[in-house]
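Colleague: My questions will all concern the structure given below.
Each value in this text was obtained by applying a stated rule to the coordinates, not by laboratory testing. Just so you know, these numbers come straight off a predicted model, no measurement behind them. Here the Cβ positions follow ideal geometry from the backbone for every residue, glycine too, while neighbour counts run over all protein chains shown.
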Amino acid sequence: MEWLNAIVQGTLLGGLYALFAAGLSLIFGVMRLVNIAHGDLIVLAAYLGLTVTTATGMHPMAALVIVVPTMALIGYALQRGLLNQTLGDDILPPLLVTFGLSVIIQNGLLEVYTADPQTLNAGALETASVAVGGVAIGILPLLTFAIAIAVIWGLQWTFYHTALGRAFRAVSDNQDIAQLMGLNRRHIFGLAMALALGVTAIAGILLGIRTSFDPSIGGGRLIFGFEAVIIGGLGNLWGTLVGGVILGVAQTIGAKIDPGWQLLAGHIAFLVILAVRPNGLFPRISG
Amino acid sequence: MPDPILQTRGLNSFYGDFQALYEVELDVGEGEVLAIIGANGAGKTTLMRSITGLLTNGPGQIHYRGQDISRLRADEVAELGLAMVPEGRQLFPSLSVKENLMIGAQVGRKGPWDLKAVYDLFPILEERKDQASTSLSGGQQQMVAIGRALMANPDLILFDEVSLGLAPIIIKDIYEALPGIIGEGMSAIIVEQDINKALSVSSRVYCLQEGRVSLERASDTVSREDISRAYFGIE
């Protein structure tokens, strides 16, 4: 039963990792940009949630109404003002610039919020649970997992059933020809980053309710997101969810064996899958 | 000649330090079909890329309906009513046939061309509308590329090497469909290696040679010798 418990908790934790990863995957899919600052943007969203909840007394989940559009705006401005200039045939400039951005965000947060660990106070939601067959399942992890599924379904639907999604895919396929069709790639990239950071905002708030956070934890979230994307296969959002679940389960099982093994077990699972299936479990079938 | 819809004046185009076009002067009349011929590397595709805004040009070198479009981005040029069927078709592999067509309508221009009109022109595309564009034959892909450009309801349409890599029977079909396509008051530039095909559908012909215009003549009066000379530079 304890093992079953570990697997269930790990699966639900995977939902959070999938949310970390979804924005990363979307940005890479549309514009081949690897965003090193992604983890720090998640933490930034958590801090924005903190500011909103302390200033207004709102519940952190209600604060999403403000934090999601704010992060989306930041995303659009960041893409149009900075990241578009780094995109080109060379893959190095975006890596360097987003690495620099990561450092700037971390230090900015340190200046504004200090290094003290913070949490978002979600009241009863933090501890509520339901017992299913002897396993206590937290409402928050369950909600997180449900949100992850909803977000990925929503992104998938946007990609395959809307004009915006069509534009994303067209620009991803061939930037020049998409431009000929009247799509301004700089604007489309801005919208993609806005969408990605909107998802990041959700991930950041859920992270902040689940655990304490401080300005330095972004790097770790980035790694989890990366691992979920790579395990699932680049460009496949449902694969990303599976990747998150595998990572989460590996971590909780590792922690079950020895509490010190939690992170290590996740990384080992990632390395094993990378060794056996270098393209991930469900790589996108390219045309 | 009727009023020009498109004019280039002293057009110089570059790929980095390499100059591909030299002082190109070209006029397309309203409703006119123009052919551009020339050997490989003569600058035909470069000229198309300059006109559509995929290459950055110097100011004042390209005018569309009197407006200087030389510095506009490709999407801004497209909104003015200029569409291209690119060389090698260049469909979007992630998009279905129907989605490829719909992306052409993204510029939001009104006119006779919509999905139904394209399906009427190329009925096979309606049968295949939900397939991946990459699963089609070369000729069918070319139909999608033409349909995609038409969906923008352009006033000037550019065909860049539509016959390249296609079977002769398919080329014949496409050229038979062309007058019906262009007939609706549209102007067109047809870039073609097949000189006879180019002359048969156009009213005037330009020949490019090493980035310069080497010939400009009415298509029905141009002689074989004129073309050979312009094409190869043999006196």
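Colleague: Which value does Rg/Rh take for the range B:4-232 over its C-alpha atoms, Rh per Kirkwood?
Modeller: 0.95
Colleague: Mind listing the phi-derived Karplus ³J(HN,Hα) values for the range A:79-94, rounded to whole Hz, using 6.51, -1.76 and 1.60 with θ = phi - 60°, and x for any glycine or proline?
Modeller: Karplus-based 3J(HN,Hα) across the range A:79-94 equals 5, 5, x, 10, 5, 4, 5, 8, 7, x, 5, 7, 8, 6, x, x Hz.
Colleague: Still on this structure, please answer the following. Taking amide H atoms as placed 1.01 Å from N in the peptide plane, list the residues 5 or more away in sequence, or in a different chain, whose amide H sits under 5 Å from that of B:Ile190.
Modeller: B:Leu34, B:Ala35, B:Ile36, B:Phe159
Colleague: Also, I was wondering about something else. Can you tell me the dipole magnitude for chain A around its Cα centre, using point charges on the Cβ only (Lys, Arg +1; Asp, Glu -1), in Debye to the nearest 20?
Modeller: 640
Colleague: Within the set of other residues whose C-beta is less than 12 Å from the C-beta of B:Asp130, count the net charge using Lys and Arg as +1 and Asp and Glu as -1.
Modeller: 0
Colleague: Ok, one more. Run the simple label-point estimate for A:Ile149 and A:Asp89 please: 7 Å along Cα→C-beta, distance reported in nm.
Modeller: 4.7
Colleague: While we're here: Given H placed on each backbone N at 1.01 Å, which residues far from B:Ile5 in sequence or on other chains put an amide H within less than 5 Å of it?
Modeller: B:Val28, B:Gly29, B:Glu30
Colleague: I need the phi-derived Karplus couplings for the range A:130-137: 6.51 cos²θ - 1.76 cosθ + 1.60, θ = phi - 60°, integer Hz, Gly and Pro marked x.
Modeller: Listing the rounded values in order: 10, 9, 10, x, x, 9, 7, 10 Hz.
Colleague: Rounded to the nearest 20 debye, what is the charge dipole size of the range B:4-232 about its Cα centre when +1 sits on each Lys and Arg Cβ and -1 on each Asp and Glu Cβ?
Modeller: Rounded to the nearest 20 debye, it is 220 debye.
Colleague: Calculate for chain B the 222 nm mean residue ellipticity that helices alone would give, adding -39,500 (n - 2.57) per DSSP H run of length 4 or more and normalising by residue count, nearest 500 deg cm²/dmol.
Modeller: -9500 deg cm²/dmol
Colleague: Taking the Cα centre of chain B as the origin and placing charges on Cβ (Lys, Arg +1; Asp, Glu -1), which of B:Ala35, B:Ser70, B:Ile5 is farthest toward the positive end of the dipole?
Modeller: Of the candidates, B:Ser70 comes out farthest on the positive side.
Colleague: While we're here: Could you size up the charge dipole of the protein assembly as shown around its Cα centre, putting +1 on the beta carbon of Lys and Arg and -1 on that of Asp and Glu, and report it in debye to the nearest 20?
Modeller: For this selection, approximately 1060 debye.
Colleague: Next question, about the same structure. Given H placed on each backbone N at 1.01 Å, which residues far from B:Met84 in sequence or on other chains put an amide H within less than 5 Å of it?
Modeller: Correct list: B:Leu158.
Colleague: Most exposed first by the Cβ proxy, i.e. fewest other Cβ within 10 Å, how do A:Tyr47, A:Tyr17 rank?
Modeller: Starting with the residue having the fewest Cβ neighbours, the order is A:Tyr47, A:Tyr17.
Colleague: OK, next. Go through B:Leu47, B:Ile146, B:Gln193 and say which Cα lies farthest out towards the positive end of the charge dipole of chain B; charges sit on Cβ, +1 for Lys and Arg, -1 for Asp and Glu.
Modeller: B:Ile146
Colleague: Could you state the principal axis extents of the C-alpha atoms in the range A:1-157, from the largest down, to the nearest angstrom?
Modeller: 54, 35, 28
Colleague: Let me ask something else about it. Evaluate the relative contact order of the range B:4-232 (contact order divided by residue number), counting alpha-carbon pairs under 8 angstrom at least 6 apart; express in whole percent.
Modeller: Computed over the range B:4-232, the figure is 27 percent.
Colleague: OK, next. Can you work out ³J(HN,Hα) from phi for every residue in the range A:7-21, in order, using Karplus 6.51 cos²θ - 1.76 cosθ + 1.60 and θ = phi - 60°, giving whole Hz and x for Gly and Pro?
Modeller: With the stated coefficients, the range A:7-21 comes to 5, 5, 4, x, 4, 5, 4, x, x, 5, 5, 5, 5, 4, 7 Hz.
Colleague: Residue farthest toward the positive end of the dipole of the protein assembly as shown, with Cβ of Lys/Arg at +1 and Asp/Glu at -1: which of A:Trp238, B:Ser133, A:Gly10?
Modeller: A:Gly10
Colleague: Using a Cα-Cα cut-off of under 20 Å, which lysines could be cross-linked to B:Lys197, ignoring same-chain neighbours fewer than 8 residues away?
Modeller: B:Lys44, B:Lys172
Colleague: Fewest to most neighbouring Cβ within 10 Å: what's the order for B:Ser203, B:Ser133?
Modeller: B:Ser203, B:Ser133
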